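Please find one structure pasted underneath; my questions will follow.
Values in this text are rule-based calculations from the coordinates and carry no lab data. Model, not experiment: these values are computed from the prediction. Cβ placement follows ideal geometry from the backbone for every residue including glycine, while neighbour counts extend to all protein chains displayed.
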Amino acid sequence: MTGMRIGIIGCGNISPAYLNYLQDSSIVKVTALADMLPEKAAERAKEYEIERVYTVEEMLQSPDIDIILNLTIPASHAAINIAALEHGKHVYAEKPLSISLEDAKHTLALAEAKQLRVGCAPDTFLGAGMETSRKAIQEGQIGRPIAATAFMMGEGPEGWHPNPEFFYAEGGGPMFDMGPYYLTALVNLLGPITRLSSSAASLIPERIVKTGPRAGTRIPVHTPTHFSGTLDFADGAIGTLVTSFDIPGGSTLPRIEIYGTEGSLLVPDPNYFDGVVKIRKYGSEEWSTVPPAFTGAANERGKGIEDMARAILEHREHRASGKLAYHVLEAMHAFIASSNEGRHIHLESAAALPLEAAFRSSVKAVLV
Ligand SMILES: NC(=O)c1ccc[n+]([C@@H]2O[C@H](COP(=O)([O-])OP(=O)(O)OC[C@H]3O[C@@H](n4cnc5c(N)ncnc54)[C@H](O)[C@@H]3O)[C@@H](O)[C@H]2O)c1
């Protein structure tokens, strides 16, 4: 086999981003679409000239699909992921991997038992902006990383998403929706998180849909909408992460900064694949641009599943892995548990996620 055949389940808002990127891939081909609302799948299939429109069951049963790309809403992620694996297919899901940790654990165990792959968004950390940042840290350009700050402060998605209910249901909110971008970026740059503490609140009880045919519809809020937390990384660095849907006035704070013994790094928005990386070395008056080590566009959603397909063919690990997504999910649950229980939460999955060898050696090199 030279390429892999992808069947997409879930043809809503985010599906065009994947279809745009994947239509140029030489490794994978999207050959079928399915949605619980068949007209949505049919509409996308027409738009992107996809050969087949299936029901979800037909997609799962089809012998012509190698990987299921699960672009359903978070509440459906686990069921579709598990069904795909049970039908002998690899699966790559939008974030979060699932809502509950139990479902995520079951998903990974099932994949292991069946020798199948699980991949999960976000894959923005594979983009040029984050890869350039990672390379700068690995090369020791800021010395030993000591601290990080990350801020995702916005007004909530009801201003642009026509069906924003899931953002305010369990498994949504600024942590489960946007946290994966920030936590995946931080783990990719600094290694696993060993423990964290947080405060979380939901001070605005209702939202109003502002766009599309349902504009004016009221949505009850069932999840915290503001989180502020402190993260301890395995190598000793301390991070601060704020995610919020409660900041309608906006903020001037940078998305992510990493502070090291030799300088500071300004990392681009982890919701995008590109972006300018800036560095200010100790003793310098100015921030300067880190020359991009990679090229790419702002939206390359699909890079992660493409890497997973290539990794399957090359018999190597893929980067946007289920293991990484599980660690991020455990961290997001810990943000809620820490606030509810008033204590630090230790993350069990940190041990399963070793630092990259290159990163370890760069840290050692700086320390000696
Ligand atoms: N919209 C964005 O900009 C964006 C960006 C990045 C990631 N995501 C993630 O992508 C996922 C989907 O988001 P979206 O904005 O496209 O949502 P959406 O509501 O626009 O689309 C989801 C689609 O999945 C279908 N669906 C839901 N449950 C299903 C099931 N059990 N079986 C078959 N079909 C099912 C729905 O009918 C719908 O067409 C979410 O996990 C979200 O976090 C969205």
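When a/c is below 1.5 the answer is rounded, else prolate if a/b is larger than b/c, else oblate, so apply that to region 77-231 with a ≥ b ≥ c taken from the square roots of the Cα gyration tensor eigenvalues. Numbers along the way, then the final one.
Details: a/c = 1.87, a/b = 1.13, b/c = 1.65.
Oblate, because a/c is 1.5 or more while a/b does not exceed b/c.
Still on this model: Can you give the relative contact order of the chain as a percent, counting alpha carbon pairs under 8 Å and 6+ residues apart?
20 percent
For region 139-248, which GluC sites (Glu not before Pro) are both in a DSSP coil and crowded by at most 15 other Cβ atoms within 10 Å? Please report the intermediate quantities before stating the final value.
Details: sites: GLU139, GLU155, GLU158, GLU165, GLU170, GLU206; in loops: GLU139, GLU155, GLU170.
Those that pass, being in a loop and sparsely packed, are GLU139, GLU170.
Right, another one. Can you tell me the dipole magnitude for the chain around its Cα centre, using point charges on the Cβ only (Lys, Arg +1; Asp, Glu -1), in Debye to the nearest 20?
The calculation lands at about 540 debye.
Please work out whether region 1-67 counts as rounded, prolate or oblate from its C-alpha gyration tensor, where a ≥ b ≥ c are the square roots of the eigenvalues and a/c under 1.5 means rounded, while otherwise a/b larger than b/c means prolate and anything else oblate?
It comes out oblate by the Cα gyration axes.
Got the relative contact order for region 60-125 handy, in percent, Cα pairs under 8 Å and 6 or more residues apart?
After rounding, I find 33 percent.
Expressed as a whole number of Å, what is the distance separating the alpha-carbon centroids of region 93-148 and region 330-352?
Result: 17 Å between the Cα centres.
When the Kirkwood radius is taken over all Cα pairs of the chain, what Stokes-Einstein diffusion coefficient follows at 20 °C and 1.002 mPa s, in µm²/s? If you can, show how the numbers build up before the last one.
Details: Rh = 21.1 Å.
Result for D is 101 µm²/s.
Which ³J(HN,Hα) values in Hz, rounded to whole numbers, follow from the phi angles of region 49-56 under the Karplus curve 6.51 cos²θ - 1.76 cosθ + 1.60, where θ = phi - 60° and Gly and Pro get x?
6, 8, 4, 10, 10, 10, 7, 4
In straight Cα distance, which aspartates and glutamates are under 15 Å from LYS46, not counting same-chain residues fewer than 8 positions off?
ASP35
Excluding PHE245 itself, calculate the net charge of residues whose Cβ lies under 14 Å from the Cβ of PHE245, where each Lys or Arg counts +1 and each Asp or Glu counts -1.
Net of charged neighbours comes to -4.
Given only helices, namely DSSP H runs of n ≥ 4 each adding -39500 (n - 2.57), what is the per-residue ellipticity at 222 nm of the chain, to the nearest 500 deg cm²/dmol? Can you show the working numbers first?
Values: 10 runs with 124 residues, N = 368.
Counting only the DSSP helices, I get -10500 deg cm²/dmol.
Which net charge results when you count Lys and Arg as +1 and Asp and Glu as -1 among the other residues whose beta-carbon is under 15 Å from that of GLN23?
In short, 0.
Moving on to the next point. For region 228-268, what relative contact order do you get, as a whole percent, if you take Cα pairs closer than 8 Å and at least 6 residues apart?
Taking the mean separation of contacting Cα pairs over the length of region 228-268, I get 24 percent.
Positive end of the dipole of the chain, charges at C-beta (+1 Lys, Arg; -1 Asp, Glu), about the Cα centre: which of VAL91, TYR282, LEU60 has its Cα farthest in that direction?
In the chain, that residue is TYR282.
May I ask you to compute the full-extension gain from LEU37 to GLU317, defined as 0.36 nm times their residue separation minus their alpha-carbon distance, rounded to one decimal in nm?
Working it through step by step, the gained length comes to 97.4 nm.
Using DSSP, restrict attention to beta bridges with both residues in the chain and report what percent are antiparallel, rounded to the nearest 5.
If we restrict to bridges inside the chain, about 55 percent are antiparallel.
Next question. Compute the Cα gyration tensor for region 166-271, then decide on rounded, prolate or oblate, letting a ≥ b ≥ c be the square roots of its eigenvalues: rounded whenever a/c is under 1.5, prolate when a/b is larger than b/c in the other cases, and oblate in all that remain.
Since a/c reaches 1.5 and a/b is larger than b/c, the shape of region 166-271 is classed as prolate.
So what's the angle, to the nearest 10 degrees on a 0 to 90 scale, between helix 357-367 and the longest Cα principal axis of the chain?
Helix 357-367 sits roughly 10 degrees off the main axis of the chain.
Oh, and also: By the scheme Lys and Arg +1, Asp and Glu -1, what is the net charge of all other residues having a beta-carbon under 15 Å from that of SER199?
Every neighbour counted, the sum reads -1.
Specify the longest stretch of the chain that does not include any exposed loop site, a site being one of the trypsin sites (Lys or Arg not before Pro) with a non-H, G, I, E, B DSSP assignment and at most 16 other Cβ atoms within 10 Å.
In the chain, the maximal stretch lacking such sites is 1-213.
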